[in-house]
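Below is one structure; the comments refer to it alone.
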Amino acid sequence: MRVLLDTNVLLWWLGGDPRVTPYVPTIADPRNEVYFSSVSAVEISIKVSLGKLVVPAVYLDTLRRQGIEELAVTARHGQAVADLPWHHRDPFDRMLIAQALTEGWPVLTSDRIFRRYGLRVLPDQPA
């Protein structure tokens with residue numbers, strides 16, 4: 001199965017944060033193809049430049065070494081944003097949602113609003 005990491009889960013994974021625990025079985029399962037969005041890289045870079053976040057500069061290399069692949073934003077993903085209802089106002093999350101819907105992939109996130117878009121959110125939990 002292909003899965004997309006929300007930025008929060010990506011950061012927890014990189015930092016060894018205990019909040020990542022429910023997501024580890026999916027991320028570590030060798031049968032899964034795990035992706036992060038290029039949108040997350042932009043969001044992280046903005047927060048780093050504002051001094052709101054500290055992330056090692058080599059985090060992208062770390063992810064790739066761990067077998068976590070990048071999902072680039074395409075024009076098709078961009079067009080899908082226009083069709084999204086306004087359940088979520090965060091532009092980064094809206095882009096991730098559009099990517100997941102376009103690709104038909106579940107998302108690993110703690111953000112319950114993602115479910116309002118009809119996405120499969122992992123781990124499976126009631127809304």
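The numbers here are math on the coordinates, done by the rules we state, and not lab data. Nothing here was measured: the structure is a model prediction, and the numbers come from that model. All Cβ positions, even for glycine, are placed from backbone atoms using ideal geometry, and neighbour counts span all protein chains on display.
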In sequence order, calculated HN-Hα J values of segment 70-76 (Karplus, 6.51, -1.76, 1.60; Hz; x Gly/Pro)
8, 9, 6, 6, 10, 4, 4
Quick one: if you stick a label point 7 Å off each Cα along the C-beta vector at ALA75 and ASP29, how many nm between them?
3.6
Can you sort ASP17, ASP124, ASP111 from fewest to most other Cβ atoms within 10 Å of each residue's own Cβ?
ASP124, ASP17, ASP111
From phi via Karplus (6.51, -1.76, 1.60), per-residue ³J(HN,Hα) for segment 95-104 in Hz, x at Gly/Pro
5, 4, 4, 4, 4, 4, 5, 4, 7, x
To two decimal places, what compactness ratio does segment 52-102 give when its Cα radius of gyration is scaled by 2.2 N^0.38 Å?
1.41
Below 8 Å between Cα atoms, with a sequence gap of 6+, how large is the relative contact order for the chain in percent?
31
Where the centre of each part is set by its Cα atoms, how far does segment 83-127 sit from segment 39-60, in angstrom?
21
Alpha-carbon Rg with Dmax, taken over segment 2-122, Å
13.7, 37
